[in-house]
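**Student:** Here it is, the structure, as structure tokens.
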Amino acid sequence: MNLDVLRHSCSHVMAEAVKELWPQTKLAIGPAIEDGFYYDFDKQAPFTDADLLAIEKIMQKIIARDDPFLREELDKIKAIGLFKKLNEDYKVQLIEALPNQAISIYKTGKVFLDLCRGPHIKSTGQIKAFKLLSVAGAYWHGIETNPMLQRIYGTCFETQKELDEYLKNLEEVKLRDHRKLGPALEFFDIYHEEAGAGLVFYHPKGALLRTIIEDYEKKEHLKRGYDMVITPHIMDVGLWKTSGHYDYYRENMYFLNIGDDKPAKNIGGPAQNRGGEFVLRPMNCPGHILIYKSKTRSYKDLPIRLFELGTVYRREKAGVLHGLLRVRGFTQDDAHIFCLPEQLSQEIKAIIDFVFDTMKVFGFDTVGIELSTRPEKSIGSDEDWQRATEALEAALKEKGLKYDVNVGDGAFYGPKIDIKLKDALKRTWQCATIQCDFALPKRFNLAYIDDAGKERQPIMLHRVLLGSLERFIGALIEHYKGELPLWLSPTQVLLIPIKETVLVYAQGVKTKLESHNIRVDMDLRNETLDKKIRNAEINKIPYCLILGDREVKQQQVSVRKKGSGDQGAVVLEEFIGNLINQIQEHK
């Protein structure tokens, strides 16, 4: 049985149950989604947990009746008249937007019918295992100026066993939710009403975690021939008109009207401000392009690989903001490679290798690759798109990698490879992207001098490895359930002196650990040993060192490892050597 069809049919049964309980409720849409289904309703009073249970009971009755799904076709005018009579305003809007063709509806039971193109299962009795999960708000058509609807999420499987496994996994997902773990571990918060939604505030521990990730990335990029750059956060609107973002990405951009009509003085070059309107950058690529253009380039200089941990700002709708996974300000590990045509294949393959190596270090498996082709709204010639797509596809084939083609989902300036990750719960995450671009070099008149002294246009690759650092940190927290590997933990070792008489020894241990760049803290609170150990467990600190008179006398440390308990007493140098080995191996 097709799972999407089963789930979509279950959403119809849910809508029928809602209409039976609250006849005045208006129906919007109810599609199948990746893990289940939802249906949007216009109901005056909010749905409660008790309401969901009541809906489930009615659904069970509908399923027990084994009502058939009956398809009927109406012409557009009759369909509009029918749904107007039923006071289903949202259905009328949907039909009015359809072309003049036969409109299909599906009926179940004695009175329920719904606008739907289908298909559906044969009858309601084929639904064996379902569960309603939650309620959320959703704007009609996702537009903030439209009415706010109530969205009920549910899921459905062919067997009760599959449903039970999914629900068990869902409970584990809740325990790993970075939106709860992150603030609890004092990594970050994003809910300051005074500042606005979708903006991240990193606390000291979270800022340290992010710095560790950034330092690793900087080192690896320098090893692989990238040059570090830093570009401005705001740039003249004209730059974004040249790049095409103004026309193709405008709805996601923030505009700043500084109101300075006078050109700013620019020592060593022409005035750049052409009217006082600036853009808070949504992308880093135009800034890197200007650095490339800053001087004449020879074919001997290429490839040029420019890397920036660049913070960007995107005007996301409030309804789609979600913890660190969807925010309005985030930092990308962004790079742009300017290369010769004959270098293109090798550069793409090198990026793929870089992605795989990086994800292995952070403990993720790569599970899927998609090649996304030209979208409907795009720039550039058909020939350039074909060349770019063929280059990406050839690199994947040469490396023997399996991939799916995602038709029409490329960037507006070029096709792309998306590499997906799998976490501990077998969920997929989209992080790394490689985009091949012939269009922007042409729009910005980029050039290099070839071996014959003629100007040629370079090819440009856009790429990220982790993608958004915010999103990646959210994924890390959920993957590890907050229990980060030793090398990533903001606090790697917690010292717990048992009494004041050992404080001098404890300070010496701390100094010795810090001299080896081990991140260490000391718990000097007036609490019991058990409470201090428990606090370390809650804060997910990898190692605790218990220090008492015996440890001072024997010049040792008693080691507790998170999740494994007491490891016994060892000489400090031995403990440090073990930690250094783990850190170097990214464990």
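**Student:** Answer with yes or no whether Asp4 is surrounded by fewer than 20 Cβ atoms within 10 Å (Cβ to Cβ) and touching a strand residue (DSSP E or B) at 6+ places or on another chain (Cβ under 6 Å).
**Tutor:** Considered against the rule, which asks whether it is surrounded by fewer than 20 Cβ atoms within 10 Å (Cβ to Cβ) and touching a strand residue (DSSP E or B) at 6+ places or on another chain (Cβ under 6 Å), Asp4 comes out as yes.
**Student:** Which number in (1) of a type in the set (S, T, N, Q); (2) surrounded by 20 or more Cβ atoms within 10 Å (Cβ to Cβ); (3) assigned to a loop (DSSP other than H, G, I, E, B) marks the one condition that Thr433 misses?
**Tutor:** The number of the failed condition is (3).
**Student:** Restricting to region 298-341, count the residues that are farther than 24 Å from Lys218 by Cβ, surrounded by 18 or more Cβ atoms within 10 Å (Cβ to Cβ) and at pLDDT 95 or above.
**Tutor:** Final tally of qualifying residues: 0.
**Student:** Inspect all residues belonging to region 399-410 and state whether any of them is β-branched (Val, Ile, Thr), under 30 Å from Asn169 (Cα atoms) and either out of contact with any Asp or Glu (no Cβ under 6 Å at 6 or more places or on another chain) or part of a loop (DSSP other than H, G, I, E, B) (or both).
**Tutor:** yes
**Student:** Follow-up. Could you tell me how many of the residues in region 92-112 are surrounded by 13 or more Cβ atoms within 10 Å (Cβ to Cβ) and either in contact with an Asp or Glu (Cβ under 8 Å, 6 or more places away or on another chain) or not assigned by TED's automatic domain parsing to the domain that holds Leu27 (or both)?
**Tutor:** Count: 8.
**Student:** Filter region 527-569 for residues that are among the basic types (Lys, Arg) and in a strand (DSSP E or B); which is surrounded by the fewest Cβ atoms within 10 Å (Cβ to Cβ)?
**Tutor:** Lys561
**Student:** Kindly state which helices (runs of 4 or more DSSP H) lie completely within region 26-118 and contain at least 1 residues that are under 19 Å from Pro147 (Cα atoms) and under 37 Å from the mean Cα position of the chain (by Cα).
**Tutor:** So the answer is 89-96.
**Student:** Which one of these is within 26 Å of Arg427 (Cα to Cα) and either in the same structural domain as Ala424 (by TED's automatic domain parsing) or under 20 Å from the mean Cα position of the chain (by Cα) (or both): Lys317, Lys377?
**Tutor:** Exactly one residue qualifies, and that residue is Lys317.
**Student:** Further question: Only one of these is more than 16 Å from the chain's Cα centre (by Cα), under 23 Å from His221 (Cα atoms) and among the aromatic types (Phe, Trp, Tyr): Phe438, Phe354, Phe412. Name it.
**Tutor:** Phe354
**Student:** Based on this model, can you work out whether Gly198 counts as of a type in the set (Gly, Ala, Ser), at positive phi and surrounded by 12 or more Cβ atoms within 10 Å (Cβ to Cβ)?
**Tutor:** yes
**Student:** While we're on this one: Counting only residues that are touching a strand residue (DSSP E or B) at 6+ places or on another chain (Cβ under 7 Å) and polar (S, T, N, Q), how many does region 88-107 have?
**Tutor:** Going through region 88-107 one residue at a time, the tally reaches 1.
The values are calculated or read from the model by the stated rules, or taken from the named source; none is laboratory data. Just so you know, these numbers come straight off a predicted model, no measurement behind them. So basically every Cβ, Gly included, is an ideal-geometry build from the backbone, and we count neighbours across all protein chains shown.
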